[in-house]
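Student: Pasting in a structure now, in C-alpha cells, and then I'll have a few things to ask.
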Amino acid sequence: MPRFFRSIRTLHSWIGFLILPWIILYGFTGFYLNHSKAINALLMPTPYDESSFVIKPEAEWLSVNEARQKAAQIWADEPITKAKAIEYHGFVAIQFTKPSGNVIVSIKTGHHYKKTRLYRYTYDPLGSLVDRKIYWSYVFRYFHEAGWIDNSFGVWFADITAIALVLFGVSGLILFIVPRQKKLKRNLSDLLQR
C-alpha cells in the first residue's frame, strides 16, 4: 500500500505541475467571462479619435481599383476572395476578404483597417499604423472554450486539461480519504471493542 500511495502522490504532483498554466489561464478567463467590464477597463487603451480622418473632396476619393490595390498590400501573398461595399465606423468603405481576415478601406478618407477575429489595426492614408485593438473578449472566450488561441490544435488542450483535472481530483481524493479511512476504521473498532 505505501508503494501505491507513493505512485498516486507522484502522479498527483506531476499532473498538478503540468496543468498549472492552464488552470491559471482558465481561472483568469473564467473570471473575465464573469466580470468582463471590469477587466476591459484595465486592458483596453483609451480609444483614439477617428475624426482626424478628414473626408476628402469627391475628386480625391479612392476608386474601387485603388482600394483593391491598397487591400492587396495587406497579406500580400493571399488572394482577395470577396469584396463588398459596407459602412464601417461611420465611413463608406469596401471590405476585401482574404483567408487571414478582412481589409476594410475607407473610400472617402483613404485610411484602412486590417481586421481578424482577434485584432483590428487601423492605418492612416499613408499606411502608418495609428491604432491597434485586441478583441480581448473573443480571445479569452475562445481560449476558455478551446484551450488555445487558434484552431491549430482543435480542442485537444482543453480535452487534455479536462482529463488531467479529473485525474488530479481523483488522485487528490484518494490521497485525502484513504489514510483517514483507516484511522476511522481503527477508531470504530476500538469503540466497538469497549
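The values are calculated or read from the model by the stated rules, or taken from the named source; none is laboratory data. Since this is a predicted model, take the numbers as computed values, not measurements. Virtual Cβ from ideal backbone geometry, glycine too; neighbours counted across all protein chains shown. Surface accessibility is based on the protein's heavy atoms, side chains included, excluding ligands, DNA and RNA. Shrake-Rupley method; radii C 1.70, N 1.55, O 1.52, S 1.80 Å.
Student: Protein chains only, probe 1.4 Å: how do Thr10, Thr81, Thr122 rank by accessible area, largest first?
Tutor: Working: Thr10 70, Thr81 95, Thr122 0 Å².
These residues rank, largest area first, as Thr81, Thr10, Thr122.
Student: For the chain, which whole percent of the accessible surface, found with a 1.4 angstrom probe, sits on carbon and sulfur atoms?
Tutor: On the way: 8150 of 12930 Å².
With neighbouring chains kept in place, the figure for the chain is 63 percent.
Student: Helix-only estimate, please: 222 nm mean residue ellipticity of the chain, summing -39500 (n - 2.57) across DSSP H runs of length 4 or more and dividing by its residues, to the nearest 500.
Tutor: Numbers: 5 runs with 99 residues, N = 194.
About -17500 deg cm²/dmol.
Student: Provide the gained length on full extension for the span Leu126 to Lys82, in nm with one decimal, where the gain is 0.36 nm per separating residue minus the Cα-Cα distance. Walk me through the numbers before you get to the answer.
Tutor: Working: separation 44, 0.36 × 44 = 15.84 nm, distance 2.40 nm.
The Leu126-Lys82 span can extend by a further 13.4 nm.
Student: Next question. Excluding Val54 itself, calculate the net charge of residues whose Cβ lies under 15 Å from the Cβ of Val54, where each Lys or Arg counts +1 and each Asp or Glu counts -1.
Tutor: Details: positive: Lys56, Lys108; negative: Asp49, Glu50, Glu58, Glu60, Asp124.
With Lys, Arg at +1 and Asp, Glu at -1, the net is -3.
Student: Would you please give the FRET efficiency between Lys56 and Ile134, computed as 1/(1 + (r/R0)^6) with r the Cβ-Cβ distance and R0 = 22 Å, to the nearest 0.05?
Tutor: Working: r = 30 Å, r/R0 = 1.36.
Efficiency at R0 = 22 Å is approximately 0.15.
Student: Let me ask you something else. Does a label point 7 Å from the Cα of Ala162, set along Cα-to-beta-carbon, have any residues of the stretch 26-65 with amide nitrogen under 20 Å, and which are they?
Tutor: 26-34
Student: Among (1) 24, 22, 17; (2) 44, 19, 11; (3) 59, 17, 11, find the value of semi-axes √(5λ) of the Cα gyration tensor in Å that was calculated from the structure presented, and write down its label.
Tutor: (3)
Student: Between Val92 and Leu42, what is the label-point separation in nm under the 7 Å Cα-to-beta-carbon projection?
Tutor: Those two pseudo-labels are separated by 4.5 nm.
Student: Further, regarding this structure: Please tell me the relative contact order of the stretch 13-132 in percent, rounded to the nearest whole number, where contacts are Cα pairs under 8 Å and at least six residues apart. Walk me through the numbers on the way to the answer.
Tutor: Numbers: 149 pairs, mean separation 18.8, N = 120.
Dividing the mean separation by the residue count of the stretch 13-132 yields 16 percent.
Student: Hey, with R₀ at 35 Å, roughly what FRET efficiency would Asn187 and Phe31 work out to, going by the Cβ-Cβ distance, to 0.05?
Tutor: Values: r = 42 Å, r/R0 = 1.19.
The formula returns an efficiency of 0.25 here.
Student: In whole Hz and in residue order, list the ³J(HN,Hα) couplings for the stretch 169-185 that follow from phi through the Karplus curve 6.51 cos²θ - 1.76 cosθ + 1.60, θ = phi - 60°; x for Gly and Pro.
Tutor: Calculated HN-Hα couplings, in order: x, 5, 5, x, 5, 4, 5, 7, 7, 4, x, 6, 5, 4, 5, 4, 4 Hz.
Student: Which of Ala164, Ala38, Ala67 ends up with the largest GNM mean-square fluctuation for the chain, with Cα atoms connected below 10 Å?
Tutor: Looking only at Ala164, Ala38, Ala67, the biggest GNM fluctuation is shown by Ala38.
Student: Identify the chymotrypsin sites (Phe, Trp or Tyr not before Pro) of the stretch 48-89 meeting these criteria: DSSP loop state and at most 12 other C-beta atoms within 10 Å of the C-beta. Walk me through the numbers on the way to the answer.
Tutor: Working: sites: Tyr48, Phe53, Trp61, Trp75, Tyr88; in loops: Tyr48, Phe53, Trp61, Trp75.
Sparse-neighbourhood loop chymotrypsin sites (Phe, Trp or Tyr not before Pro): Tyr48.
Student: With every protein chain present, what is the per residue accessible area of the chain (1.4 Å probe, Å²)? Intermediate values should be presented prior to the final figure.
Tutor: Values: 12930 Å² over 194 residues.
Averaged over the residues of the chain, the accessible area is 67 Å².
Student: Further, regarding this structure: Would you mind pulling out the separation of the Cα centroids of the stretch 13-43 and the stretch 79-109, in Å?
Tutor: With the stretch 13-43 and the stretch 79-109 each reduced to a Cα centre, they are spaced 35 Å.
Student: For helix 2-34, what angle does its Cα long axis make with the longest principal axis of the chain, in degrees from 0 to 90 and rounded to 10?
Tutor: The angle comes out near 30 degrees.
Student: So, counting K/R as plus one and D/E as minus one, what does the shell of residues with Cβ under 9 Å around Ile94 add up to?
Tutor: +2
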